[in-house]
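Here's the structure, in structure tokens; my notes come after.
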Ligand code: THU
């Protein structure tokens, strides 16, 4: 047996205004996207913005349904929309923000496992690291790649 340890590197900022310009821009798009959330049940409005290497940005917001499991998180809404719109596109970054009671949440909404898995696959497909920006009005985190929020990614193609 060997005891192992895993280190995750990420950057922590206060408000998204402290981010470098391009990241701040994408964070702003995720914040704006929260407005398009359809979340009458949770009243938790999540927005996501995906940046592609062609310069385009695709936004998504969580979509809920009376039959609860039929809804979809903001991240997957944006990622699937980006892939449907630009099937050969290269996704380079995703930003996520959430709002409640008309205010952007102070701490980020951390993506669920299913969304992390979907990010991971598009990162592999893109052949490029996908930056993950988790936006909160008082705490904003930046991860250089999806692996940093999801170690030991499932990838059947690389299974030996
Ligand atoms: N939700 C997201 O859209 N993304 C997250 O990262 C966390 C949760 C949504 C799902 C549901 O519509 C609502 O937030 C409450 O869980």
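Considering segment 75-106, and only residues there that are more than 12 Å from the ligand (Cβ to nearest atom) and in a loop (DSSP other than H, G, I, E, B), the residue that is nearest to residue 15 (Cα to Cα) turns out to be 106.
Scanning segment 35-56 for residues that are in a loop (DSSP other than H, G, I, E, B) and either within 24 Å of residue 128 (Cβ to Cβ) or within 9 Å of the ligand (Cβ to nearest atom) (or both) yields 37, 39, 41, 42, 43, 44, 53, 54, 55, 56.
Pairs are defined by a Cβ separation below 8 Å, a sequence spacing of at least 6 or placement on different chains, a first member in segment 59-77 that is on the phi < 0 side of the Ramachandran plot, and a second member that is more than 8 Å from the ligand (Cβ to nearest atom) and part of a loop (DSSP other than H, G, I, E, B); the pairs so defined are 64/40; 71/65.
Values quoted throughout were computed directly from the atomic coordinates according to the rules given, and no laboratory measurement underlies them. The shown structure was predicted, so the numbers you read here are calculated from the model rather than taken from an experiment. We place every Cβ from the backbone using ideal geometry, glycine too, and count neighbours over all the protein chains shown.
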